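The values are calculated or read from the model by the stated rules, or taken from the named source; none is laboratory data. Given the structure is predicted, the values throughout are model-derived calculations rather than measurements. Every residue, glycine among them, receives a Cβ derived from its backbone with ideal geometry; neighbour counts consider all protein chains shown. Heads up: the accessible areas ignore ligands, DNA and RNA and are worked out on the full protein's heavy atoms, side chains in. Shrake-Rupley method; radii C 1.70, N 1.55, O 1.52, S 1.80 Å.
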Amino acid sequence: MIEIKGLAKAFAISKGNKLSDTEKQDVRYSEKAFHSVRDVSFTCGNGEVLGLLGPNGAGKTTTLRMLSTALKQDSGSVFINDIDVLQKPIQARKEIGFLSADTGLYGKLTAFENVAYFARLHGMKDSAIKTRIDELFSMLDMHTFANRRVDTMSTGMKQKTAIARAVVHSPKVVILDEPTTGLDIMTVQTVLDFIKSLKAQGTPVIFSTHHLDEVGALCDRVVVIDKGVSSFSGSLAEFKQLTPDGDLRQAFLAIIANQAQQGAA
Amino acid sequence: MWQVYFKELTELLRDKKTLIFVILLPILIFPVLFGIVGLVMATTTSKAMEEQHRYVIINEQQAPQFAEALFYHKNFKKVETTLNSEQELVAAIRNDEFDVALVIPADFASRKAAVQQTEWQLIYNRSSQLDFMYNYFDEMLKTYTEELQRGTLSQLGVDPANLTAILKPVELTRVNTAEQRENIGESMGAILAYALVLLCLSGAMYPAVDMGAGEKERGTLETLLICPVSRTAIVLGKFLTVLTTALMTALITVVSLGVWGGIISAFADLSKVSEALASITIVDLMLMFSLLLPTAAIFAALLLAISIYARTFKEAQNYMSPLTILVIVPLMIAMAPGMELDVTTALIPLTNIALAIKELLKGTADYGLLALIFASTTALAGALIAFCVHWFQQEKVLFR
């Protein structure tokens, strides 16, 4: 279970940097700071898949970074299975499996070594690591390149390795930042099947994406973030009801347009 | 911390650049340097010794014996000229009409007979680094003047056998109280310290850049930060890796220097150097290493802090370049003549290490001062490691 309430995060603007005219009109910019995330709230229950949508620069990645404990929020709260990530970050990290937009792999290590390294950092014993990696590599069809160095792998192979690395410690919560971007159709299907298997195991999954077909196929809940605010949070059915014909693209655009109108007002 | 350390070390050992900078370069630097210097010197010397210089001699009838010796010298070839003023001769040499002119005064024979001193002029281009020309003339003139001295003494009724005693009645002989080791330590110590400290820096530089800015650039840092490991453990693991490579570079260099020095000693007659080096004990070497340890720790912490701050590999390299100059200055101070280790210099970072290594090589180290240096350097290293750990906790540094 993931619970986020009133999350906010600002980054200081360097003294030498002058704001452009566009930035001056943007509600997220103040004289000294850029308020990347201003007010984001949502929940994701066990066995639910939550699609995090929003235009580029909306604050999705910053939100996911706070969820994963890489960044500390300025205000608001994040609870992962009732663990406050601000108070107990190390304990929270044991619960989280995180896949960043970059694959986050070490090029000079093999697929096996990459996954095993992160397993050890999660405190797993060597015997348990071998069993778990074998299980994951079979599930993701990775045995053929298990001993191949990452810097010689294709994009698809890297993404599979990154997924295995993110879930090697059997996390209770999985967060994926644009997991299908730049992948071929076969690898996208592998990733989507993997998310389905996590859902079937009752693991809450949050994933940010720009692909609305993936949202329609996988998600139970949808959150739209625009200009650092969660402007929509609800079930997939509620999201579809925003337009008469249930078109996801139109629903998304309607939310963004509504947010822009509110901002102008 | 150890998981991070061993993983970083594995990656570095698989990296060609690290292998070149940390292992191959220190092994090859000395033989290559010795080889290049030796080859250049040998080629230049051989070329200079085979060269034949065109000369003119003015008023040669005044010193026929000398003129004859010069005529039969294998490195000289006589050229006839009607010129005789200094300006004309200089201009002719500049126009490459000949290489050297010897001007004997027109009254040399009469002044010689009157036992009066005269001055000869040697005109040539001195820009050549190896001044063989002057050496040839100096050598021939020594023989010639000795003959003149014997002749003059005979004229004056003095026994020429007493020539040496008459010309130099007192000879000052130096008795050096310094041991051979002390002499070698004095001349080589500062240079060795300079090389060792700079090698520690260069050995730490590439791994530090890779482990901070490199991780940011590759997008692996974020993945590492969300592991259930404290950031202190992560930064200490990285710090230990950089420290290891810095010390390995210095250690491999010293071993390489020892091996190649031994090989050269075996072929050349350097028994005094071998004896002096043999008198350096294992305790001295361990003390040198114990001083290099906190020095390498200072570099590792500083470079890692810079690297963590930088956004990219290139940005980190740009920040690190001025650091090399900051390190060279105190090392140069230690090499200045008359610079000695005392309580004041023992507190100047890096200068103190260079002076201490020199004293250890000389065998004249004051152990009290060595303890002071170790304590002050360790304190500085500790402060920098603490800063590096603090730096690694800052979001504004990690996510710039």
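Key figures for this structure:
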| read-out | value |
| --- | --- |
| Highest-first arrangement of A:41-49, B:167-175, where packing means the average Cβ count within 10 Å | A:41-49, B:167-175 |
| Accessible area (Å², per residue) of segment A:2-264, counting only protein heavy atoms and a probe of 1.4 Å | 45 Å² |
| Sum of -39500 (n - 2.57) over DSSP H runs of 4+, divided by residues of chain B (222 nm, nearest 500) | -22500 deg cm²/dmol |
| On Cα atoms only, tilt of B:231-267 relative to the major axis of chain B in degrees | 30 degrees |
| Top of B:Leu370, B:Leu192, B:Leu19 by mean-square fluctuation, Gaussian network on chain B, Cα under 10 Å | B:Leu19 |
| B:Met339 versus B:Arg311: modelled label distance in nm, points set 7 Å from Cα along the beta carbon direction | 3.9 nm |
| Within a Gaussian network of chain A (alpha carbon springs, distance under 10 Å), most fluctuating of A:Asp220, A:Asp126, A:Asp39 | A:Asp126 |
| Under 5 Å, built H, 5+ apart or other chain: amide partners of A:Ile175 | A:Gly97, A:Phe98, A:Leu99, A:Ile206 |
| Computed E for A:Leu86/A:Thr43 - FRET, C-beta separation, R0 30 angstrom, nearest 0.05 | 0.95 |
| Shielding by partners, peptide B:227-234 (average Cβ within 10 angstrom, other chains) | 5 |
| Accessible surface of A:His122 - all protein chains present, 1.4 Å probe, nearest 10 Å² | 40 Å² |
| Crossing angle, helix B:367-392 versus chain B [Cα axis fit, 0-90 degrees, rounded to tens] | 50 degrees |
| Distant-in-sequence amide H partners of A:Phe232 (H built 1.01 Å from N, under 5 Å) | A:Val224 |
| Between helix A:248-264 and chain A: long-axis angle, C-alpha atoms, 0 to 90°, nearest 10 | 40 degrees |
| Buried area at the B-A interface (accessible, heavy atoms, 1.4 Å probe, summed, Å²) | 2500 Å² |
| Spread of Cα-to-Cα distances over 5 Å intervals beginning at zero, given as percent, for chain A | 1, 6, 12, 16, 17, 16, 13, 9, 6, 3, 1, 0, 0 |
| Net charge dipole size for segment A:2-264 [Lys, Arg +1 and Asp, Glu -1 on Cβ; Debye, nearest 20] | 920 debye |
| Chain A: calculated mean residue ellipticity at 222 nm from DSSP helix runs of at least 4, using -39500 (n - 2.57) | -11500 deg cm²/dmol |
| Gaussian network model of chain A, springs between alpha carbon atoms under 10 Å - residue of A:Asn81, A:Asn147, A:Asn17 with greatest fluctuation | A:Asn17 |
| By accessible area with a 1.4 Å probe, ligands and nucleic acids excluded, highest first: order of A:His211, B:His390, A:His169 | B:His390, A:His211, A:His169 |
| Stokes-Einstein D in µm²/s, Kirkwood radius over Cα pairs - the protein assembly as shown at 25 °C with 0.890 mPa s viscosity | 77 µm²/s |
| Nearest-20 debye value, the protein assembly as shown charge dipole, Cβ charges on Lys, Arg, Asp, Glu | 2140 debye |
| Cleavage-rule hits (trypsin sites (Lys or Arg not before Pro)) in segment A:62-131: DSSP loop, at most 10 neighbouring Cβ within 10 angstrom | A:Lys125 |
| Among A:Ser233, A:Met66, A:Tyr106 the positive-end extreme of the charge dipole of chain A (Cβ point charges) | A:Tyr106 |
| Cross-link partners of A:Lys199 among aspartates and glutamates (Cα-Cα below 19 Å; sequence separation of 8 or more within a chain) | A:Glu3, A:Glu48, A:Glu95, A:Glu135, A:Asp177, A:Glu178, A:Asp213, A:Glu214, A:Asp220 |
| Heavy-atom accessible surface of chain A: percent carbon and sulfur, 1.4 Å | 49 percent |
| Dipole axis of the protein assembly as shown (+1 Lys, Arg; -1 Asp, Glu on Cβ), positive-most option in B:Thr377, B:Ser202, A:Val150 | A:Val150 |
| Equivalent ellipsoid dimensions for segment B:106-175 as semi-axes, Å, which come from the Cα gyration tensor, largest first | 27, 21, 9 |
| Neighbouring partner chain Cβ atoms per residue of A:97-110, average, 10 Å criterion | 5 |
| Normalised contact order of segment A:79-232, rounded percent, pairs of Cα under 8 Å and 6 or more residues apart | 25 percent |
| A:Thr131 versus B:Asn84: modelled label distance in nm, points set 7 Å from Cα along the beta carbon direction | 11.1 nm |
